[in-house]
Amino acid sequence: RSGTYTVVAYDYSNGYASPCDYDLYFDAAPGADNAGSLFAGGSVSGAIALGAIESYTFDADAGDAVAFTCTNVSGALVPALAVYDPTGALLAQTSGSNTATTGFTTAVSGSFTVMVYDYSNDYASTGGYSLAYTLTPPAN
């Protein structure tokens, strides 16, 4: 939705008393695809810079079985991904020390968004990744 949004960033340390500098990264779902579109049965490679989020879009029909595997291929990256439906509702979110995998069946048709990011301690690692995507239509 278009409009004005407010983001509040604050210290969460003991006593909320630790000043610091910070960088704020964000992407909007649905529709964010700063890294491009995905096609079923394929894979893409990318790199996560400090604090960055890579976003992709893919199309699916209601009842399709969708699966993603995101694997660290270089660096200390702890791969994580989040998938959003065409309305922006979170469908799946997962991470893993070297590989993040998730699968689900879509309830609606449309353009979905997947975001890849680092889930290490303090989200402070960088590295390369490979993202594999499969889509299986329902049996007739």
Open item on the list: What number results when the radius of gyration of segment 33-140, computed over Cα atoms, is divided by 2.2 N^0.38 Å?
Closed with: 1.02
Task: Value of relative contact order over the chain, rounded to a whole percent, pairs C-alpha under 8 Å and six or more apart - done: 32 percent
Open item on the list: Counting heavy atoms of the protein chains only and a 1.4 Å probe, report the per residue accessible area for the chain as a whole number of Å².
Closed with: 59 Å²
Task: segment 41-81: C-alpha gyration tensor shape, a/c 1.5 cut-off, then a/b vs b/c - done: prolate
Task: Theoretical FRET efficiency, 1/(1+(r/R0)^6), r = Cβ-Cβ of T99 and L24, R0 30 Å, to 0.05 - done: 0.60
Task: Surface share of carbon and sulfur [accessible, 1.4 angstrom probe, percent] for segment 17-87 - done: 54 percent
- [ ] Could you give the size of the charge dipole of segment 13-121 about its Cα centre, using +1 on the Cβ of each K and R and -1 on the Cβ of each D and E, expressed in debye and rounded to the nearest 20?
- [x] 220 debye
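The values are calculated or read from the model by the stated rules, or taken from the named source; none is laboratory data. In this text, all values refer to a predicted model and were calculated from it rather than measured experimentally. Cβ atoms come from the backbone with ideal geometry, glycine included; neighbour counts cover every protein chain shown. Surface areas here come from the heavy atoms of the whole protein model, side chains and all, with no ligands, DNA or RNA. Shrake-Rupley method; radii C 1.70, N 1.55, O 1.52, S 1.80 Å.
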